1. Mind counting the residues in segment 53-76 that are open to solvent by less than 90 Å² (accessible area, probe 1.4 Å) and under 15 Å from the mean Cα position of the chain (by Cα)?
2. When you scan segment 3-33, how many residues do you find that are surrounded by fewer than 12 Cβ atoms within 10 Å (Cβ to Cβ) and more than 10 Å from the chain's Cα centre (by Cα)?
3. Restricting segment 34-52 to residues that are not in a helix (DSSP H, G or I) and not hydrophobic (A, V, I, L, M, F, W, C), which is surrounded by the most Cβ atoms within 10 Å (Cβ to Cβ)?
Amino acid sequence: VLREGLGRAGAGIVAGLLVAAALSRLMASLLFEVRPVDPTVYTAGALLLFTVAAVASWLPARRAATVDPVIALRAE
């Protein structure tokens, strides 16, 4: 559960960073005192999103790990 969630989050973050870098010239007039392709801002945003995705994936994985496998198989 955790690996799948983090894989999807990583792919989404990479795609988002690529699109943001491509569209940064169009949004340059909206950015104040920040360069259009500022690595600090991109890194901070990506780390924040990855941290939130990791917590959001870890909580269900932790809950799934506590379920007895026999009970889980009988439920299906």
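The values are calculated or read from the model by the stated rules, or taken from the named source; none is laboratory data. Keep in mind that this is a model prediction, so the values were computed, not measured. A quick note on method: Cβ atoms are made from the backbone with ideal geometry, for glycine too, and the neighbour counts reach across all protein chains shown. Only protein heavy atoms, including side chains, enter the accessible area calculation; ligands, DNA and RNA are left aside. Shrake-Rupley method; radii C 1.70, N 1.55, O 1.52, S 1.80 Å.
1. Here the count works out to 6.
2. Matching residues across segment 3-33 total 14.
3. Across segment 34-52, the extreme among qualifying residues is Pro36.
Residue-wise test of (1) in contact with a His (Cβ under 9 Å, 6 or more places away or on another chain); (2) without any contact (Cβ under 8 Å) to a residue 12 or more places away in the chain; (3) polar (S, T, N, Q).
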{"position": "Val14", "(1), (2), (3)": "no, yes, no"}
{"position": "Val19", "(1), (2), (3)": "no, yes, no"}
{"position": "Arg25", "(1), (2), (3)": "no, yes, no"}
{"position": "Arg35", "(1), (2), (3)": "no, yes, no"}
{"position": "Thr40", "(1), (2), (3)": "no, yes, yes"}
{"position": "Ser57", "(1), (2), (3)": "no, no, yes"}
{"position": "Ala64", "(1), (2), (3)": "no, no, no"}
{"position": "Pro69", "(1), (2), (3)": "no, yes, no"}
{"position": "Arg74", "(1), (2), (3)": "no, yes, no"}
